[in-house]
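A short write-up of the structure that comes next.
The values are calculated or read from the model by the stated rules, or taken from the named source; none is laboratory data. Quick caveat: nothing in here was measured; it's all calculated off a predicted structure. Positions of Cβ are generated from backbone atoms using ideal geometry, with glycine treated the same way; all protein chains shown enter the neighbour counts. We work out accessible area using only protein heavy atoms, side chains counted, and drop any ligands, DNA or RNA first. Shrake-Rupley method; radii C 1.70, N 1.55, O 1.52, S 1.80 Å.
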Amino acid sequence: MKISADQLVDECKTLYVAGQETTNTLLSWMILLLSIHQEWQEEARREVLRVFGPDKTPDSDGITRLKLVIILLFAGFMRVVDKETRLGKFDLPVGVQLHIPIMAIHHDPDIWGEDVHLFKPDRFSEGVAKATNNNPSAFMPFGMGPHTCAGFNFATNEAKITIAMILQRFTFSLSPGYVHSPFPVLAVRPEKGVQVIINAL
């Protein structure tokens with residue numbers, strides 16, 4: 001498939017802007033959830049300290065051994081129709097924008113079970129297929145198929161290194177001043193930030 005110069009420029013912009021935006025957002029929500037669920041924060045810290053100890057800078061060999069941290073890491077996105085397409089009973093002309101509601105899919109009890117709204121990172125311990133009632137395509141935090149985010153591996157490695165370094169050095173809990181305000185931009189981000197109380201280990 002050939003792409004035009006404009007498409008190439010758009011892809012480069014997406015990698016640059018979306019890469020920083022999505023990784024920052026991912027880390028913000030992860031810090032929020034670990035601030036609320038202290039038991040998971042402690043388990044993740046134990047894993048990081050077992051792999052790296054308190055002083056070693058996380059490296060590529062070690063981050064591959066962070067099984068719980070990767071489970072903890074995992075909004076919606078847009079696609080533009082570039083050629084006339086039939087989707088079910090609908091004919092979609094060129095230029096139509098489609099919104100894929102990942103948040104809705106990721107909160108569907110038919111896929112995830114009745115406990116879909118609970119923070120249960122261990123639901124992924126036996127893989128995505130088991131967690132999604134044998135519907136692994138329902139889990140798409142980085143898109144899927146030919147439109148999977150090109151920065152997926154970079155973003156997850158960056159996030160694992162960052163969270164490992166934080167867990168090595170600090171404990172954190174949610175500030176009483178935190179205001180929950182999810183806001184969809186490129187990704188669903190905390191509009192007013194995530195205020196936490198940080199203590200050095």
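Within a Cβ distance under 10 Å of His180, other residues only, what is the Lys/Arg minus Asp/Glu net charge? Don't skip to the answer; put the middle values down first.
Numbers: positive: Lys192; negative: Glu191.
Residues close to His180 contribute a combined charge of 0.
Whenever you get a sec, compute what percent of the accessible area on the chain sits on carbon and sulfur atoms (1.4 Å probe). Spell out each step's value before the answer.
On the way: 7410 of 12560 Å².
So the carbon and sulfur contribution to the accessible surface is 59 percent.
Summing charges over neighbours of Gln7, with a neighbour being any other residue whose Cβ is under 13 Å away from its Cβ, gives -2 when K and R count +1 and D and E count -1.
Please compute the net charge surrounding Ile63, taking Lys and Arg as +1 and Asp and Glu as -1 over other residues with Cβ under 14 Å from its Cβ.
Values: positive: Arg50, Lys56, Arg65, Lys67, Lys160; negative: Glu47, Asp59, Asp61, Glu158.
Net charge in that neighbourhood comes out at +1.
Taken over the alpha carbons of the chain as equal point scatterers, the Debye sum produces base-10 log I(q)/I(0) values at 0.15 Å⁻¹ of -1.08.
Express in nm, to one decimal, how much length is gained between Asp82 and Arg169 on full extension, taking 0.36 nm for each residue of separation and deducting their alpha carbon distance.
Here the segment from Asp82 to Arg169 would lengthen by 26.5 nm.
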